[in-house]
Amino acid sequence: MALKLQRSSQEIISIVKRLAIDNFAPRAGKYDQENSFPYQNYKDLQEYGILGLVIPKQYGGLGADSLLLAQVLKEIAKGDGSTANTFNMHCSVIHILNEMANEEQKKRFFSEVLTHGKLFASVTSEPSSSLRGAFKPSTIARKVPGGYVVTGTKHFASLSSAADYFNTLCFLEGAESMEDGAIMLVIPRESAGVTVKETWDAMGMRGTASNTVHFNECFVEERNAIGAPGDALRKNVTDIYSFGFASVYTGLAEAALDFTTHYVKNTTFKPDPHPISHYPNIQQRVAEMAVKIEAANQLLAHASYVRDHGSEEERVVPITLAKYFATEMVLEVTDMAIRICGGRAYMKKYSLERIHRDARAGMVMPPNNDKCLEIIGKASLGFEVSGGWLPKSKQKGGDPA
């Protein structure tokens, strides 16, 4: 599916591409080595107005559609995977606010992003619960006059070291089920009772600051409750995460291909005077990489279109397919790149070594790839499926045979 970007979109992509090449890529190794958050990259994104990428134009943002979001995330990922992954989380929260927040909340929070460069983190995962099954938060929100008191622990909270607000999925004390108990609260970082413990020290995506966040009797104002209890389940707004992951990891694969093509075009081995790009076996391996990436981009283009023009039901499978394929494909492509480029690519001074490690995170990002296959398989067998927090498992029309 060939989709053309608007002229203004092309200008935005050009800005981001230049930032990724000139700024993000040269800094990426340092952030990876130090296990530190890419603050300077976010200053660059703020300076050029990119933090408001998915904020609608009526609120002063860039109003990006899904295709533009995908292209921007890919370009950022080519420079630094950690910046792309965390920016995806920020954009995902903005999207959720746009879908679920009331008018006062949108104006207030979007202004914070556009005027002050505030960042939003999504904090959902917990040490004692898993998104693999029927997820129920252990983080409890107790209703009190004027708001809620939140107690609990979230982990793998990407962006947590830098975020100004935590979009937090909680369970309402006294509720009987997720349908009437799941509540989304935007918790300011400076709130009393909020503590970020720097626990993130991972193999890859080391700059994401995916730390642990503790809430200890933290008061949250009523005006920071997003929607009514259960709305996070009734409205399937979480597919934006999967869509973003598909974009980020496709971008990482493209970065691996770029590294490989540059290497083979500029490497010779005596006595042959020609670069190894002339070798048929190298050409075949590079072709395999290119074909896999093109397939991922086609799935991503289709998912982009369906996200903007399809129904909630129509979106689920294309986005899940794109996420699954991209995060599996990037493993194969980065492995091929290492094989082609040899020992040099295994050295930490080259970006491919970092890209290879960063690529490993995609398959476990929610929904993890086993869950993706379950969703795709159910849809193929005629079951109803949902990309929300509570996937449906009811079969449509009995036996699909």
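The values are calculated or read from the model by the stated rules, or taken from the named source; none is laboratory data. The structure displayed is predicted, hence computed values, not measured ones. Ideal geometry is used to build each Cβ from the backbone, glycine not excepted, and the neighbour counts take in all protein chains shown.
In the list 149, 220, which residue meets the criterion of being assigned to a strand (DSSP E or B), at pLDDT 95 or above, in contact with a Lys or Arg (Cβ under 6 Å, 6 or more places away or on another chain) and buried (at least 16 other Cβ atoms within 10 Å of the Cβ)?
Values: 220 fails: in contact with a Lys or Arg (Cβ under 6 Å, 6 or more places away or on another chain).
After applying the criteria, what remains is 149.
Which is of a type outside the set (Ser, Thr, Tyr), exposed (fewer than 15 other Cβ atoms within 10 Å of the Cβ), not in a strand (DSSP E or B) and not assigned by TED's automatic domain parsing to the domain that holds residue 315, of 202, 192? Walk me through it before giving the result.
Values: 202 fails: exposed (fewer than 15 other Cβ atoms within 10 Å of the Cβ).
Just a single option satisfies the conditions, and that option is 192.
Among the residues of the range 306-327 satisfying the criterion of being surrounded by fewer than 17 Cβ atoms within 10 Å (Cβ to Cβ) and in contact with a helix residue (DSSP H, G or I) (Cβ under 9 Å, 6 or more places away or on another chain), which is modelled with the lowest pLDDT?
Restricting attention to the range 306-327, the residues satisfying the condition of being surrounded by fewer than 17 Cβ atoms within 10 Å (Cβ to Cβ) are 308-314.
Now narrow it down to the ones that are in contact with a helix residue (DSSP H, G or I) (Cβ under 9 Å, 6 or more places away or on another chain): 308, 310, 312, 314.
Numbers: 308: 96, 310: 94, 312: 87, 314: 94.
Ranking the candidates gives 312 first.
Among the numbered criteria (1) small (Gly, Ala, Ser); (2) under 19 Å from residue 305 (Cα atoms); (3) within 14 Å of the chain's Cα centre (by Cα), which single criterion is violated by residue 77?
The failed condition is (2).
So, in the range 101-128, of the ones that are surrounded by fewer than 18 Cβ atoms within 10 Å (Cβ to Cβ) and at pLDDT below 95, which residue ends up nearest to residue 69 (Cα to Cα)?
Taking the candidates together, the pick is 127.
Answer yes if at least one residue in the range 194-213 is within 30 Å of residue 372 (Cβ to Cβ), among the acidic types (Asp, Glu) and out of contact with any His (no Cβ under 7 Å at 6 or more places or on another chain), and no otherwise.
yes
How many residues, within the range 287-321, are out of contact with any Phe, Trp or Tyr (no Cβ under 7 Å at 6 or more places or on another chain) and within 17 Å of residue 377 (Cα to Cα)?
Selection size over the range 287-321: 8.
Give the residues of the range 164-186 that are without any contact (Cβ under 8 Å) to a residue 60 or more places away in the chain and β-branched (Val, Ile, Thr), sorted by residue number.
Passing the criteria: 168, 183.
Looking at residue 52, is it crowded, with 23+ Cβ neighbours inside 10 Å, in contact (Cβ under 8 Å) with a residue 40 or more places away in the chain and under 24 Å from residue 199 (Cβ atoms)? Let's see the steps before the verdict.
Values: crowded, with 23+ Cβ neighbours inside 10 Å: yes; in contact (Cβ under 8 Å) with a residue 40 or more places away in the chain: yes; under 24 Å from residue 199 (Cβ atoms): no.
No; evaluated as a whole, the condition is false for this residue.
Considering every residue within the range 367-378, establish whether at least one is outside any helix (DSSP H, G or I), touching a Phe, Trp or Tyr at 6+ places or on another chain (Cβ under 9 Å) and not hydrophobic (A, V, I, L, M, F, W, C).
Going through the range 367-378, the residues outside any helix (DSSP H, G or I) turn out to be 367-368.
Checking which are touching a Phe, Trp or Tyr at 6+ places or on another chain (Cβ under 9 Å) leaves us with 367.
Remaining after also requiring not hydrophobic (A, V, I, L, M, F, W, C): 367.
For the range 367-378, residues outside any helix (DSSP H, G or I), touching a Phe, Trp or Tyr at 6+ places or on another chain (Cβ under 9 Å) and not hydrophobic (A, V, I, L, M, F, W, C): present.
For the subset of the range 331-366 comprising residues that are part of a helix (DSSP H, G or I) and closer than 20 Å to residue 239 by Cα, which member is nearest to the chain's Cα centre (by Cα)?
It comes out as 362.
Tell me, yes or no, whether the range 149-162 has at least one residue that is within 13 Å of residue 224 (Cα to Cα), of a type outside the set (Gly, Ala, Ser) and over 23 Å from the mean Cα position of the chain (by Cα). It would help to see each step written out before you state the result.
Our first condition is that a residue be within 13 Å of residue 224 (Cα to Cα); within the range 149-162, this holds for 149-150.
Cutting the leftovers down to of a type outside the set (Gly, Ala, Ser) gives us 149-150.
Going one step further and asking which of them are over 23 Å from the mean Cα position of the chain (by Cα), we end up with 149-150.
Yes, the range 149-162 contains a residue that is within 13 Å of residue 224 (Cα to Cα), of a type outside the set (Gly, Ala, Ser) and over 23 Å from the mean Cα position of the chain (by Cα).
Among all residue pairs at least 6 apart or on different chains, which show Cβ distances below 6 Å where the first residue, located in the range 12-37, is at positive phi and the second is of a type outside the set (A, V, I, L, M, F, W, C) and surrounded by 14 or more Cβ atoms within 10 Å (Cβ to Cβ)?
Close Cβ pairs (under 6 Å, with a partner that is of a type outside the set (A, V, I, L, M, F, W, C) and surrounded by 14 or more Cβ atoms within 10 Å (Cβ to Cβ)) amount to 35/206.
Which residues, counting only those in the range 5-21, are of a type outside the set (Ser, Thr, Tyr), out of contact with any helix residue (DSSP H, G or I) (no Cβ under 6 Å at 6 or more places or on another chain) and either assigned to a helix (DSSP H, G or I) or at pLDDT 95 or above (or both)? Break it down into steps so the answer makes sense when it comes.
From the range 5-21, those of a type outside the set (Ser, Thr, Tyr) are 5-7, 10-13, 15-21; that's our starting set.
From what's left, out of contact with any helix residue (DSSP H, G or I) (no Cβ under 6 Å at 6 or more places or on another chain): 5-7, 10-12, 15, 18, 21.
Across the range 5-21, the qualifying residues are 7, 10, 11, 12, 15, 18, 21.
Under the condition of being surrounded by 21 or more Cβ atoms within 10 Å (Cβ to Cβ) and in contact with a His (Cβ under 8 Å, 6 or more places away or on another chain), which residue from the range 225-273 is nearest to residue 102 (Cα to Cα)?
My answer is 237.
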